[in-house]
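The values are calculated or read from the model by the stated rules, or taken from the named source; none is laboratory data. Please read these numbers as outputs of a predicted model, since none were measured by experiment. Positions of Cβ are generated from backbone atoms using ideal geometry, with glycine treated the same way; all protein chains shown enter the neighbour counts. To get the accessible areas, we keep the full protein, side chains included, count just its heavy atoms, and leave off ligands, DNA and RNA. Shrake-Rupley method; radii C 1.70, N 1.55, O 1.52, S 1.80 Å.
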Amino acid sequence: MTQKGYLPVSIKVFKEGTSKDVPYVAYAPEFDLSAAGKDPYMAKKALQEVIEYLLERREKEGKLETFLLELGFKGLGKKEELEPPEISFIQIPFYYSTL
């Protein structure tokens, strides 16, 4: 039986600047994947398409559950929304000189 659920994914968007055509990068740490776009919206949309394609491929291969478990997701098949792996932020002290 096929079910539709939602996969919570965190995305970090930043301007890389090495490309004039697609300077924005969207990065999903859960998948260690990134995609680029001409603006933040297009970068996120491109990343979403890459992740959706990857999930569809794993589903067709019969490896979706194993793949998601290896990435740290929990709750597959138990509810509509999976629990993402824990992502934490820490404060690392550093010293720098002002210009």
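If only the Cβ of Lys and Arg carry +1 and only the Cβ of Asp and Glu carry -1, the dipole of the chain around its Cα centre is close to 180 debye. Given Cα pairs under 8 Å that are at least 6 residues apart, what percent is the relative contact order of region 1-74? About 20 percent, as a whole number. Of the listed residues Val50, Val25, the order by accessible area with a 1.4 Å probe, largest first, is Val50, Val25. Dividing the summed -39500 (n - 2.57) terms of all DSSP H runs of n ≥ 4 by the residue count of the chain sets its mean residue ellipticity at 222 nm at -10000 deg cm²/dmol.
Beta bridges assigned by DSSP with both partners in the chain are antiparallel in approximately 90 percent of cases. Calculated translational diffusion coefficient of region 1-58 (37 °C, 0.692 mPa s; Stokes-Einstein with Kirkwood radius over alpha-carbon pairs) equals 275 µm²/s.
Ligands, DNA and RNA aside, Thr66 has an accessible area near 80 Å² when probed at 1.4 Å.
Taking amide H atoms as placed 1.01 Å from N in the peptide plane, the amide H of Val9 has no partner under 5 Å among residues 5 or more positions away or on other chains. Our compactness index for the chain, the C-alpha radius of gyration over the empirical 2.2 N^0.38 Å, is 1.33. Let's test this: bin the Cα-Cα distances of region 41-93 at 10 Å from zero up to the farthest pair and state each bin's percent. Per 10 Å bin, starting at zero, the Cα-Cα P(r) for region 41-93 comes out as 21, 39, 30, 9, 1 percent.
Share of carbon and sulfur in the accessible area of the chain stands at 53%, probe radius 1.4 Å. Residues Leu69, Leu55, Leu47, ordered by accessible area of protein heavy atoms at a 1.4 angstrom probe radius and largest first, appear as Leu69, Leu55, Leu47. Stretching Tyr96 away from Phe67 to a fully extended chain increases their span by 6.3 nm, per 0.36 nm per residue minus the current alpha-carbon distance.
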